[in-house]
Amino acid sequence: MPALDPRNLPASEADIDFSDIEEKYHLTFNESFDNVVVVDNLPVVDESKLDRLLSVVKKIFKPAGTIKEDGLFMPTSIDPNSGKTMTQGYLFMEFNTPEQASAAIKQLDGFKLDKTHILAVHKYTDVERYATMNDTYKEPVIPPYEEREHLKSWLLDPKCRDQFVALRGDEVAVMANNKNGKPDTVFTRSKWTESYLQWSPRGTYLTTYHRQGVVLWGGASWSKIMRFIHPNVKLSDFSPHEKFLVTFSPDAINHEAVGMANPSENPFGPEDDGNHLCVWDIRTGNLLRSFPMPQMANKDTAGPSIKDAWPHFKWSSDDRYFARVVPGQMLSIYEAPSMGLLDRKSIKVEGISDFAWSPVPGRPGRLGTKGDANKPTDYTLAYWTPEMNNQPARVTLINVPTKEVLRTKNLFNTTDCKLYWHPSGEYLCVKVDRLSKTKKSTSSNLEIFLLSDRALPVETIELKETVVSFAWEPKGKQPRFAVITTVDPSAVQFNASGMAVQSVRNTVSFYEPEPLSKLKRAATNMTHGNFKCKNTLEKKPTTALLWSPNGRYIILGSLRSTTVWDMEFWDMDYPLDNKKNGATEMRLLTSPEHYGVTDVEWDPTGRYVVSYASAWRHSMENGFIVWDCKGTLLGKFTYEKFKQFLWRPRPPTLLTEEDKKRIAKKIPELAPKFEEEDLMSESAASSAVIMKRRRAVEEWNAWRAKAEKEYLEECQMMGKTPMYRSTSANAGDESANVETIEEWVEEVIEETEEVVE
């Protein structure tokens, strides 16, 4: 209000100017109901139980946001029969912000209050909109059906060839592998991805990364299947059955910024702001839920980066559950596709560090079995906790969904643990790193849990050195594994690209179970005994153990080193005689060298393997080499700025064990046909040249016959005699069919060398 002049006062109160005061203390009235939700399907209770019901509702909705004071209104009416005041089975709830109301709808719509009451949570504005809808039915317009490409058409290749993708500079090439090592190009595209490539677990989709998100490609024409908007996405992970996709971006989600860039395709809402992880439904492309990054229990201690801990979410074998660890605090298990917490609460485990799902469903002793129709399938999950508060380190196996503890194992003087499940789910190996009594050196123990036995016995293998790598054989008549051990794991130094700057001298050991006699097998109900070391290779520069997907063959590789590039191909079941189940031994097949090798990839069948040198690690002779499983070089390909090579995974076979045995019996009959096809494919180049020459001769003969016919007709019309005897005109004359060939032979009779000065 301007200063008053006492000599010129306003005549009345209406003449006073209050505009400055009104502007300063202006209050805006919120006419929006976006922060109000309607909660339906509540129990109908009398007035005496009203307060108790409201307290339960407040407790349920508390995690979604803050409810305003006096923000709950539950309509009531008088029951004409009893005369009591009864609730109507619904209420209105007002939150502080519309974002909290949206979160309440997303988290609690469909919440099971009890057996007969499942909550229905909706926005108040939606209820009003539906109440004012036109009662006249309008038939929706159904778009015409568009047939989609067969996403597994690549499995119908007549030669049953495996495919792979190669990233060379900015060019991406999908190729089909051949037995001779020379691949055929299936599809190429320039600047297809901005970073790297990734296959889905069953090979259905190829994933490319872009600033706006990730894109899935597939089908015979390699068209776009689905696009997932997640700005600055860096990592993604598929569920085992390719139903769901998890993406991660270091940038927090801002739904308003995404909406400005993609107004018609914005998948995010206010409830997603600040989150970094997203779970998507691959078939529909819908965002199921976003998650924030977990906070460490001790904020002063920096935990592992998301890249080191990736995948952040780990899935059960059939996509039913997924889980993650909040380091040092709890294990959270979620159900898919509802995205809700199992039993609506996490498992609090003080100090929890890591966990792993069993690759096969079923309880110990009944692996691979599914639950009854009325009971959920059982899953086994293992996690470990370090030593803390005078408590030893511990490995725990629990059942999901009951969360029942199946087995625990205490560990002492432990610095770190790694969990390795056998692909069959029958064994779990826990690699335990221990400190010596002097606290100056470390060694490793292998704790092997046997899950085919309900008692879950544990076998301990003590080693004198530290295990730096462990690998189960994927398939085989009996379980086997290999380990790389070293005296000092911290002695190796790496450059900025992750390449070792000096060679190492490690020990490689192979373990397999001891055979049991028939009497002992019957007494213990076990098929084999304890694991024993069968062979040891000392002073090896090996840094990686690479088993064939079908077992038997293993590559000992010296990868990502600036000094050593050895690759040793070993046959673990080399036959010593021609008997089908005769004696075998471990034998070195070949030990080639691939200069600058950084990675090795087995094909899904285990028949071929590729070693490549990536430009992401160094710029020396980038490219890849194709080998067979026995180490025979089939093809070498060098490309400038070659970055990545990935075999296309195959889905699990639909054949039963009986089908496989029946096919195996027919192999001797089909072998000659396959060998003939192989010979034809090997001589494809020469066959093409021969066919080209043959076509040229046939074209020449056809033209010559046509020219002769025209010449003879012209001579007959002009009454002239042909100047030469036509081969066609003298076809009946035998002397005309005789062809004389002169052959000149040069022969050196004598040769003299003379030196001229």
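The values are calculated or read from the model by the stated rules, or taken from the named source; none is laboratory data. The structure displayed is predicted, hence computed values, not measured ones. Ideal geometry is used to build each Cβ from the backbone, glycine not excepted, and the neighbour counts take in all protein chains shown.
Residues that are of a type in the set (S, T, N, Q), over 31 Å from the mean Cα position of the chain (by Cα) and either within 25 Å of Ala309 (Cβ to Cβ) or modelled with pLDDT of 95 or more (or both) within segment 415-444 comprise just one, Thr442.
Test of understanding: among Phe73, Phe29, Phe33, which residue is among the aromatic types (Phe, Trp, Tyr) and modelled with pLDDT of 85 or more?
On the way: Phe29 fails: modelled with pLDDT of 85 or more; Phe33 fails: modelled with pLDDT of 85 or more.
Of Phe73, Phe29, Phe33, the one residue that is among the aromatic types (Phe, Trp, Tyr) and modelled with pLDDT of 85 or more is Phe73.
Among the numbered conditions (1) at pLDDT 95 or above; (2) surrounded by fewer than 18 Cβ atoms within 10 Å (Cβ to Cβ), the only one that Pro489 does not meet is (1).
Ala176 satisfies every condition listed in (1) among the hydrophobic types (A, V, I, L, M, F, W, C); (2) in contact with a Pro (Cβ under 8 Å, 6 or more places away or on another chain); (3) surrounded by 18 or more Cβ atoms within 10 Å (Cβ to Cβ) except (3).
Among the residues that make up segment 316-324, is at least one of them at pLDDT below 90 and among the small types (Gly, Ala, Ser)? No - not one qualifying residue is present in segment 316-324. Out of the residues in segment 367-394 that are more than 24 Å from Val325 (Cβ to Cβ) and under 27 Å from the mean Cα position of the chain (by Cα), state the one that is modelled with the lowest pLDDT. Of everything passing the filter in segment 367-394, Gly371 is modelled with the lowest pLDDT. The residue list Ser236, Ser200, Ser249 contains one member that is touching a Lys or Arg at 6+ places or on another chain (Cβ under 8 Å), surrounded by 14 or more Cβ atoms within 10 Å (Cβ to Cβ) and not basic (Lys, Arg), which is Ser249.
Quick check on segment 584-595. Is at least one of its residues crowded, with 20+ Cβ neighbours inside 10 Å, modelled with pLDDT of 95 or more and in contact with a strand residue (DSSP E or B) (Cβ under 9 Å, 6 or more places away or on another chain)?
There is at least one residue in segment 584-595 that is crowded, with 20+ Cβ neighbours inside 10 Å, modelled with pLDDT of 95 or more and in contact with a strand residue (DSSP E or B) (Cβ under 9 Å, 6 or more places away or on another chain).
Mind checking whether some residue in segment 407-416 is buried (at least 17 other Cβ atoms within 10 Å of the Cβ) and of a type in the set (A, V, I, L, M)? Checked segment 407-416: at least one residue is buried (at least 17 other Cβ atoms within 10 Å of the Cβ) and of a type in the set (A, V, I, L, M).
Going residue by residue through segment 240-253, is there one that turns out to be more than 29 Å from Thr605 (Cβ to Cβ) and either acidic (Asp, Glu) or in a helix (DSSP H, G or I) (or both)?
yes
The lone criterion from (1) part of a helix (DSSP H, G or I); (2) aliphatic (A, V, I, L, M); (3) not assigned by TED's automatic domain parsing to the domain that holds Lys49 left unmet by Ala103 is number (3).
Just one of (1) surrounded by fewer than 18 Cβ atoms within 10 Å (Cβ to Cβ); (2) within 27 Å of the chain's Cα centre (by Cα) fails for Phe481. It is (1).
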